[in-house]
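S.K.: Would you mind keeping the following structure in view while I ask a few things?
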Amino acid sequence: MLFFRKIFNFCSFNNLQIHDSLKEQLNALKIKKPSPIQKLSINILKSMKYQNYYMAAQTGTGKTLAYLLPIISLLKENTNKKALIIAPTKELSKQIEKECLKLKFVNIYNLQGKINNLQNEEIYNKHQLFIGNNLNQIQIQKNLLFCVIDEIDSFIEFGFKNELKEKILEIQNQETKGIFVSANYNKQLNYFFQETFQQRNQLKLILEQKTNQNLENIEHEFAFHENEIEKKQNFQGLIKEFKNQRILVFANSNISINDICKLLQEIKYTNYVIYNGTQQTEEREQSLDKFQKQQAKIMISTNLASKGLDFPFLKYVINFDFPINGFEYINRAGRTGRAGKNGTVISLYGKQDVKLVEQIEMDKYNIQL
C-alpha cells in the first residue's frame with residue numbers, strides 16, 4: 001500500500017496548477033519556492049482524479065498550503081462549489097483560517113463547534129470554504145468538492161476511530177473527495193486505512209520521503225538525572241542559561257505543569273504562559289496568542305501543543321518530562337526547526353527513560369514508532 005511519488009524539480013509555483021491570483025499573493029508573501037510536499041500534492045489534488053487522498057509530510061513543511069492552494073484554486077474557478085476542512089482543535093482550525101486570509105481568500109465560514117450550520121441553506125449558499133473542529137460537522141451537501149480531515153491521527157489518538165471510519169465511509173457514497181492529512185505515517189494509520197479502504201485504488205498516498213524522520217536541522221540533547229531534585233536543578237539551570245530565548249516546555253501531566261511553575265517562581269521567572277486542556281477555551285487562546293506574538297518567552301504545555309501549532313520563531317523545546325514513545329518525541333521536536341530553520345530539543349530523562357533515549361540516540365533521523 002505504501003509508495004512514493006517522484007518529486008519533480010519545479011523551480012516555482014508558476015509550474016503548478018494554481019490560480020493566478022494565488023501565485024500573485026504567494027509572491028507578495030515572499031513565498032517563492034514550493035516545498036517538496038507542495039510539489040507532490042498540488043497538481044494531483046487539483047486534478048481530482050482520485051476519490052481519496054492521504055498526504056503526509058514532516059511538521060513545518062507546508063502541508064496546509066499543500067491542500068489549500070489546489071482547493072482554493074478550484075473554488076475560484078467554480079464559484080458554486082464548496083469545501084470543508086475539519087481539524088482536531090479550535091486552535092488549529094483558526095490557524096487554517098488565518099492561512100486562507102493570508103492568501104486573500106475571505107469567503108470562509110468557521111463553524112466554531114456548531115454542528116448543523118452546513119444544513120443552514122443561507123449560510124451554505126453564502127460561503128465556499130467551511131472550517132470546523134468536530135467530526136459531527138462532516139455533513140455531505142450538494143456541490144461539496146472536498147472534505148479535508150487534518151491531523152487525522154489525532155482523531156484516532158483521541159478515541160474517535162469508529163466515528164472517523166463512519167464519516168469516511170459516508171464520504172465514499174458521494175461525489176465529494178476525501179483528503180486526509182498528518183505529519184507521520186505509522187503502523188496505526190496504515191492499519192486504519194487498510195481496514196477502512198478494502199481496495200488499494202480507493203486511496204492515493206502522497207508521502208514525502210522523509211515523513212517518518214525527524215527534522216535533520218534539529219539538535220537533540222539529553223540531560224540525565226539521578227533523582228527529582230537533580231531534575232529540577234537541571235531545569236532551572238537551563239532556564240537561567242536561555243532566559244532571553246523563546247522556549248516551549250513539555251510536561252506529561254498538569255501536576256508536572258504546576259511543578260514547573262513553582263520552579264520558575266523560585267528563580268523569579270514570571271514571563272511564561274500555560275497551555276493545557278483544563279483551561280477554558282478563551283484562556284487557552286489568550287496564552288497561545290501571547291506566545292505566538294512573543295509577548296511571553298516561555299509556554300508550558302502538555303502534548304496538546306505538540307501537533308498542528310506553528311511557531312516559526314521557536315528555537316528551543318525542553319522536555320521536562322520525557323515523552324512516552326518515539327511518536328510523541330517526533331511531534332514535540334517538530335515544534336522547533338520549522339521550515340528549514342535550526343532548532344534544539346533538550347530532554348530531561350531518568351532511569352526509566354534510558355531505553356527510549358538510547359533508541360532515539362542510535363538513529364535520530366529514523367526514530368522508530
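The values are calculated or read from the model by the stated rules, or taken from the named source; none is laboratory data. Keep in mind it's a predicted model, so treat the numbers as computed, not measured. Please note: Cβ atoms are built from the backbone with ideal geometry, for glycine as well, and neighbour counts cover all protein chains shown.
S.K.: Being part of a helix (DSSP H, G or I) and either closer than 19 Å to Lys104 by Cα or touching a strand residue (DSSP E or B) at 6+ places or on another chain (Cβ under 9 Å) (or both) is the filter here, so list the residues in the range 14-37 that pass it.
M.R.: Residues satisfying the conditions are Asn14, Asp20, Ser21, Leu22, Lys23, Glu24, Gln25, Leu26, Asn27, Ala28, Ile37.
S.K.: Looking at the structure I just gave you, is Glu175 of a type in the set (Asp, Glu) and not in a helix (DSSP H, G or I)?
M.R.: Criteria met by Glu175.
S.K.: For the structure I just gave you, tell me whether Phe322 is assigned to a loop (DSSP other than H, G, I, E, B), in contact with a strand residue (DSSP E or B) (Cβ under 9 Å, 6 or more places away or on another chain), at pLDDT below 90 and not assigned by the TED database to the domain that holds Lys32.
M.R.: no
S.K.: Quick one: in the range 130-172, which of the residues that are acidic (Asp, Glu) and assigned to a loop (DSSP other than H, G, I, E, B) is nearest to the chain's Cα centre (by Cα)? So that I can check it myself, show each step before the final result.
M.R.: Pass one, the range 130-172, residues acidic (Asp, Glu): 150-151, 153, 157, 163, 166, 170.
So of that shortlist, the ones also assigned to a loop (DSSP other than H, G, I, E, B) come out as 150-151.
Details: Asp150: 8, Glu151: 6 Å.
For the range 130-172, the residue satisfying everything is Glu151.
S.K.: Might you check whether a residue that is in a helix (DSSP H, G or I) and charged (D, E, K, R) occurs anywhere in the range 70-81?
M.R.: Within the range 70-81, one or more residues are in a helix (DSSP H, G or I) and charged (D, E, K, R).
S.K.: Which one of the conditions (1) surrounded by fewer than 16 Cβ atoms within 10 Å (Cβ to Cβ); (2) among the aliphatic types (A, V, I, L, M); (3) closer than 20 Å to Gln292 by Cα does Val273 fail to meet, given that it meets all the rest?
M.R.: So Val273 meets the others, but not (1).
Conditions tested, residue by residue: (1) more than 20 Å from Leu45 (Cβ to Cβ); (2) at pLDDT below 90.
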{"position": "Ile140", "(1), (2)": "no, yes"}
{"position": "Glu170", "(1), (2)": "yes, yes"}
{"position": "Phe180", "(1), (2)": "no, no"}
{"position": "Leu189", "(1), (2)": "no, yes"}
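S.K.: Working carefully through the options Lys94, Lys114, Lys90, find the one that is surrounded by fewer than 16 Cβ atoms within 10 Å (Cβ to Cβ) and either modelled with pLDDT under 95 or touching a Lys or Arg at 6+ places or on another chain (Cβ under 9 Å) (or both).
M.R.: Working: Lys94 fails: surrounded by fewer than 16 Cβ atoms within 10 Å (Cβ to Cβ); Lys90 fails: surrounded by fewer than 16 Cβ atoms within 10 Å (Cβ to Cβ).
Result: Lys114 is the single residue among Lys94, Lys114, Lys90 that is surrounded by fewer than 16 Cβ atoms within 10 Å (Cβ to Cβ) and either modelled with pLDDT under 95 or touching a Lys or Arg at 6+ places or on another chain (Cβ under 9 Å) (or both).
S.K.: Out of the residues in the range 286-316 meeting the condition of being among the basic types (Lys, Arg) and in a loop (DSSP other than H, G, I, E, B), tell me which one is surrounded by the fewest Cβ atoms within 10 Å (Cβ to Cβ).
M.R.: Going through the qualifying residues, I end up with Lys293.
S.K.: Restricting to the range 74-105, give me the number of residues that are closer than 30 Å to Phe160 by Cα and either of a type in the set (S, T, N, Q) or in the same structural domain as Lys293 (by the TED database) (or both).
M.R.: 3
S.K.: Going by the structure shown, is Lys76 more than 16 Å from Ala183 (Cα to Cα), among the basic types (Lys, Arg) and touching a His at 6+ places or on another chain (Cβ under 7 Å)?
M.R.: yes
S.K.: Give me the pairs: first residue in the range 230-245 and on the phi < 0 side of the Ramachandran plot, second residue loosely packed, with under 15 Cβ neighbours inside 10 Å, beta-carbon distance under 6 Å, and six or more apart or on different chains, which are they?
M.R.: So the pair list comes out as Gln236/Ile267.
S.K.: Does any residue of the range 76-83 turn out to be within 25 Å of Gln174 (Cβ to Cβ) and among the acidic types (Asp, Glu)?
M.R.: Taking every residue of the range 76-83 in turn, at least one turns out to be within 25 Å of Gln174 (Cβ to Cβ) and among the acidic types (Asp, Glu).
S.K.: Give just the number: which of (1) over 23 Å from the mean Cα position of the chain (by Cα); (2) modelled with pLDDT under 90; (3) under 24 Å from Ser47 (Cβ atoms) does Asn80 not satisfy?
M.R.: (2)
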